[in-house]
Amino acid sequence: MKIQIINGPNLNLLGKREPEIYGSETFEDYFENLKKRFPQVELHYFQSNVEGEMINKIHEVGFEFDAILLNAGGYTHTSVAISDAIAGVTTPTLEVHISNIYKREEFRHKSIISKSCVGMISGLGLKGYELGVLYFLNSPEL
C-alpha cells in the first residue's frame, strides 16, 4: 500500500509554532516514527506553503497511490481549487487536522475540502495521521 501525506501552509513550523495547539514535535520526527510503526506501508511525505504545489502533488499521486492523507492547513477553509483537485482524482483522500477545528475561530469551522474527502479526523494531534493510515489499511475498498 502506498500512502501520500500532504501537509499545507505553516505545517513546516510544527515543533516551533504554537506548541500549545500543535505540540512540540516536528513533523519530520513524527513521520520517521510513523514509518517505523507501519513498515508494511510505503509512506511518502510532502509539505508546501503554496496552493498550486499542493494541487500538483494531488494530481501527481492521485491516480497511482492507494490513499492520500491531506492536512490542507488554512487552505481547508478557502481553497475550491484543492477541493476540485481531490474530486478530480481517483485516489481516496482523508482530511486530517491536528487541532480540533471546531474549537477554534468560527471561520475554521467550515471545510471546503470535506465534500471531496472520504472523511475527516480532527483534534487528535499528530495521532490523527496514524489513525488515517489505520483507516486505509482496514478499508475494504482498497
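The values are calculated or read from the model by the stated rules, or taken from the named source; none is laboratory data. This one's a predicted model, so the numbers in the text were calculated from it and none came from an experiment. Reconstructed Cβ throughout: ideal geometry from the backbone, glycine too, with neighbour counts over all protein chains shown. To get the accessible areas, we keep the full protein, side chains included, count just its heavy atoms, and leave off ligands, DNA and RNA. Shrake-Rupley method; radii C 1.70, N 1.55, O 1.52, S 1.80 Å.
Summary table below
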read-out	value
Which listed residue is among the small types (Gly, Ala, Ser) and over 14 Å from the mean Cα position of the chain (by Cα), from Gly74, Gly88	Gly88
Top-ranked residue of segment 1-20 - restricted to ones that are open to solvent by 60 Å² or more (accessible area, probe 1.4 Å), part of a helix (DSSP H, G or I) and not acidic (Asp, Glu), ranked as farthest from Phe136 (Cα to Cα)	Pro19
Residue tally, condition of a type outside the set (A, V, I, L, M) and either open to solvent by less than 80 Å² (accessible area, probe 1.4 Å) or under 14 Å from the mean Cα position of the chain (by Cα) (or both), over segment 49-66	7
Check on Tyr102, modelled with pLDDT under 95, in a helix (DSSP H, G or I), surrounded by 19 or more Cβ atoms within 10 Å (Cβ to Cβ) and not polar (S, T, N, Q)	no
Hits in segment 67-78 (condition: part of a loop (DSSP other than H, G, I, E, B) and surrounded by fewer than 18 Cβ atoms within 10 Å (Cβ to Cβ))	Thr78
Scan of segment 110-125 for residues that are under 11 Å from His97 (Cβ atoms), touching a Leu at 6+ places or on another chain (Cβ under 9 Å) and either among the small types (Gly, Ala, Ser) or open to solvent by 20 Å² or more (accessible area, probe 1.4 Å) (or both), ordered by number	Met120, Ile121, Leu124
Long-range neighbours under 8 Å by Cβ, at least six apart or interchain, first residue free of Cβ contacts under 8 Å to residues at least 24 places away in the same chain within segment 115-142, second open to solvent by 50 Å² or more (accessible area, probe 1.4 Å) and part of a loop (DSSP other than H, G, I, E, B)	Leu131/Leu124
Residue check for Phe31: in contact (Cβ under 8 Å) with a residue 12 or more places away in the chain, assigned to a strand (DSSP E or B) and either out of contact with any Ser or Thr (no Cβ under 6 Å at 6 or more places or on another chain) or open to solvent by 30 Å² or more (accessible area, probe 1.4 Å) (or both)	no
Ala81 touching a helix residue (DSSP H, G or I) at 6+ places or on another chain (Cβ under 7 Å), open to solvent by 10 Å² or more (accessible area, probe 1.4 Å), of a type in the set (Gly, Ala, Ser) and in a helix (DSSP H, G or I)	yes
Among residues of segment 34-66, those that are of a type in the set (Phe, Trp, Tyr) and part of a strand (DSSP E or B), counted	2
Criterion: at negative phi, of a type outside the set (Gly, Ala, Ser) and open to solvent by 20 Å² or more (accessible area, probe 1.4 Å) - qualifying residue of Phe46, Phe38	Phe46
